[in-house]
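Below: the structure, in structure tokens.
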Amino acid sequence: MSAQMNYLDGNAAAGELSRIFAIDVTAAEGQCAHCGAKKRFAEAHLYMQCPGVVARCCICEHVLLRFASVRQRVLLDLRGMTNLSLGAA
Ligand SMILES: [Zn+2]
């Protein structure tokens, strides 16, 4: 029996994250702070059923990123990644 997938891939965060970053973060490579896996953000498992957006590592399910809009502020928690590698223009 397989577990039902209740997440989208990281590409689904492109619209929300474009409110913060001027570049396309889904093409960036992030390193999981828990298991050390280096993966494109687009490969993350994205959960959008909560009051914000939670991206989890596609290998170990550790939380990579949390994002929420509260009133006029945007809260971004990136503690789950040791780094996020972006291509320079
Ligand atoms: Zn991981």
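Scan segment 19-44 for residues that are in a loop (DSSP other than H, G, I, E, B), of a type in the set (Gly, Ala, Ser) and in contact with a helix residue (DSSP H, G or I) (Cβ under 8 Å, 6 or more places away or on another chain) and jot them down.
Matches in segment 19-44: 28, 44.
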For residue 63, only one of the following conditions fails: (1) buried (at least 17 other Cβ atoms within 10 Å of the Cβ); (2) touching a helix residue (DSSP H, G or I) at 6+ places or on another chain (Cβ under 9 Å). What is its number? (2)
Regarding segment 14-21, can at least one residue be identified that is at negative phi and of a type in the set (Asp, Glu)? yes
Give all pairs with beta carbons closer than 6 Å in which a residue from segment 12-36 that is without any contact (Cβ under 8 Å) to a residue 40 or more places away in the chain meets a residue that is of a type in the set (Ser, Thr, Tyr); count only pairs at least 6 apart in sequence or on separate chains. 14/26
Of the residues that make up segment 71-88, is at least one without any contact (Cβ under 8 Å) to a residue 12 or more places away in the chain, open to solvent by less than 70 Å² (accessible area, probe 1.4 Å) and outside any helix (DSSP H, G or I)? no
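The values are calculated or read from the model by the stated rules, or taken from the named source; none is laboratory data. None of the values given here were measured: they were computed from a predicted structure. In this analysis, Cβ positions are derived from the backbone assuming ideal geometry, glycine residues included, and neighbour counts consider all displayed protein chains. Keep in mind that these areas ignore ligands, DNA and RNA; they rest on the heavy atoms of the full protein, side chains included. Shrake-Rupley method; radii C 1.70, N 1.55, O 1.52, S 1.80 Å.
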